[in-house]
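Following: one structure in structure tokens, then a few remarks.
The values are calculated or read from the model by the stated rules, or taken from the named source; none is laboratory data. Here the structure is a predicted model, which means the values were calculated and not measured. Here the Cβ is made from the backbone with ideal geometry for all residues, glycine too, and neighbour counts use every protein chain on show. Just so you know, the surface numbers come from the protein's heavy atoms only, side chains and all, with ligands and any DNA or RNA stripped out. Shrake-Rupley method; radii C 1.70, N 1.55, O 1.52, S 1.80 Å.
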Amino acid sequence: MAKKMLAAVLLFGLAAILLATGCVSEETPKTDGAEVGITYTQGVGPMPMLLSTGEIDGYIAWQPTVEVAPMSGIGKVASYSQDLPPEGMWKDHSCCVIIARDDFTAEHRDVVNVISALGIVSNQYVKEHQDESAEIVADWLVGKGNFTYGDVSVNSVDVLEQAIPTIKFTSEPSEKWQDGVGLFVDAQADLGYLTGSLKNATPEEQKALLFNTQPYDDAKAMLDAGKIATPKKLDKPLGIGYLMSDHHASLFVAIKKWDYFEKTYGIALKPVDPTQTRPENLELIVNGEKVADVTLVSGAAGPALMQLAATNNIQMAWVGAPPAISAIDKGTPIKILQPVNTEGSGLVVAASAPVNDWPSFAEWAKTRAAEGKPLKIAAPLKGSIQDVMLKFALKDSGLVVKEV
């Protein structure tokens, strides 16, 4: 019943969004007519510089780009993603996931189980050692140097120490979490972003297309028993994709702390050259035996990783849920195994804005629209989690979305 009610709210909001963007003409409840412009920056990289130069009034992004704004003094956080309206809709919202190709899972289930187990224990390590994890991620992303965007520069460790506590690292693919992913499927479908197998699928059909949680169950059983099964050695390298984001801290921590995980759990992604800041060549070690050579592949964005998965250049990946959903819709033979994190995004506005929460942001937007200067807010990609959440929040507050 709760899911049906939430889905009804979601679809009601989508209909309003579609009307505002000219995609449908059916009557929907009236707004006050105040417009907010959304512009797409094809990722989060340009956002801080655009905000610092006044080319945008704010942005919605994933961490650590959210914390860059207050730490550098160019902006402030108006709302974290879980607090955006409609009230309660985005609490624990899905974000990044681990995926695997179906054929690889079928042929090398024991290897997939081990990677799943490593994802579970490394997520737990991040939660229990947040400051250490912040340093590891800062080293991986920028060698512990500064995040620099044009004239904006801020210490990466300081930023990540603020960012990581706002991200919920979790590995359990619970029914509630799967239902949350399903809500984003419905949202993408109604916005016209899905045109394939998921578009008209029932919730049960969606789950069958999207998920394979058996590796997680097997991994959890091995961890609970304190005994990891040693897989048969692979005859060719395993490719694992990822993004340069603190949302993938569990992967970076697993690699940088490989000796800890080997001694504690008997599993390790050991760098061939441990002195490298960002190693690409690894060895999967299980119970003291080398099981596979592993190649790490950093993607520019989730869709790029999914293209690599479609062409079998990588077999597993840490990636955002929306690119995985889109890839599955298009027929890419992958499944989502388990979550990596939930939440971890936020809405940022200029430091001078008269805003300290969502209600004051909505009032500011209406004032600016009345003055003939509608706000311009950047989102990473059309159809991204951040884009969908922002559109729903704006509509819920009686504001009209205009893509610019």
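Tabulated values for the structure
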item	result
Subset of the stretch 329-351 (residues that are touching a helix residue (DSSP H, G or I) at 6+ places or on another chain (Cβ under 7 Å) and open to solvent by 10 Å² or more (accessible area, probe 1.4 Å))	Thr332, Pro333, Lys335, Ala350
Selection from the stretch 170-189 of residues that are more than 14 Å from Ile385 (Cα to Cα), touching a residue at least 40 places away in the same chain (Cβ under 8 Å) and either in contact with a strand residue (DSSP E or B) (Cβ under 8 Å, 6 or more places away or on another chain) or not basic (Lys, Arg) (or both)	Thr170, Ser171, Glu172, Pro173, Trp177, Asp179
Filter result for the condition that a residue is crowded, with 16+ Cβ neighbours inside 10 Å, of a type in the set (Gly, Ala, Ser), more than 30 Å from Glu67 (Cα to Cα) and touching a Gly at 6+ places or on another chain (Cβ under 8 Å), over Gly239, Gly320, Gly266	Gly266
One residue from Val401, Val348 being modelled with pLDDT under 95 and among the β-branched types (Val, Ile, Thr)	Val401
Number of positions in the stretch 355-404 that are polar (S, T, N, Q) and more than 21 Å from Pro48 (Cα to Cα)	3
Residue in the stretch 246-261 that is farthest from the chain's Cα centre (by Cα), counting only those that are open to solvent by less than 60 Å² (accessible area, probe 1.4 Å) and without any contact (Cβ under 8 Å) to a residue 60 or more places away in the chain	Trp258
Strands (runs of 3 or more DSSP E) within the stretch 40-129 that include 2 or more residues under 18 Å from the mean Cα position of the chain (by Cα), in contact (Cβ under 8 Å) with a residue 40 or more places away in the chain and within 28 Å of Thr311 (Cα to Cα)	96-101
Selection within the stretch 177-208 - within 20 Å of Ser345 (Cα to Cα) and either open to solvent by 60 Å² or more (accessible area, probe 1.4 Å) or of a type in the set (Gly, Ala, Ser) (or both)	Gly180, Gly182, Ala187
Residues that are part of a helix (DSSP H, G or I) and open to solvent by 40 Å² or more (accessible area, probe 1.4 Å), drawn from the stretch 285-309	Pro303, Ala304, Gln307, Leu308
Cβ-Cβ under 8 Å pairs, at least 6 apart or on other chains, the stretch 317-336 side over 12 Å from Ala304 (Cα atoms), far side of a type in the set (Val, Ile, Thr) and open to solvent by 20 Å² or more (accessible area, probe 1.4 Å)	Asp329/Thr195
Members of the stretch 135-151 that are touching a residue at least 40 places away in the same chain (Cβ under 8 Å) and either open to solvent by less than 10 Å² (accessible area, probe 1.4 Å) or part of a loop (DSSP other than H, G, I, E, B) (or both)	Val137, Trp140, Gly143, Gly150, Asp151
Residue satisfying all of: in the stretch 261-281; assigned to a strand (DSSP E or B) and among the aliphatic types (A, V, I, L, M); nearest to Pro237 (Cα to Cα) among these	Leu269
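Let's see how each residue does on (1) surrounded by fewer than 24 Cβ atoms within 10 Å (Cβ to Cβ); (2) at pLDDT below 95:
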{"site": "Lys30", "(1), (2)": "yes, yes"}
{"site": "Gly33", "(1), (2)": "yes, yes"}
{"site": "Val44", "(1), (2)": "no, yes"}
{"site": "Ile60", "(1), (2)": "no, no"}
{"site": "Val66", "(1), (2)": "no, no"}
{"site": "Gly75", "(1), (2)": "no, no"}
{"site": "Pro86", "(1), (2)": "yes, yes"}
{"site": "Ser94", "(1), (2)": "no, yes"}
{"site": "Asp103", "(1), (2)": "yes, no"}
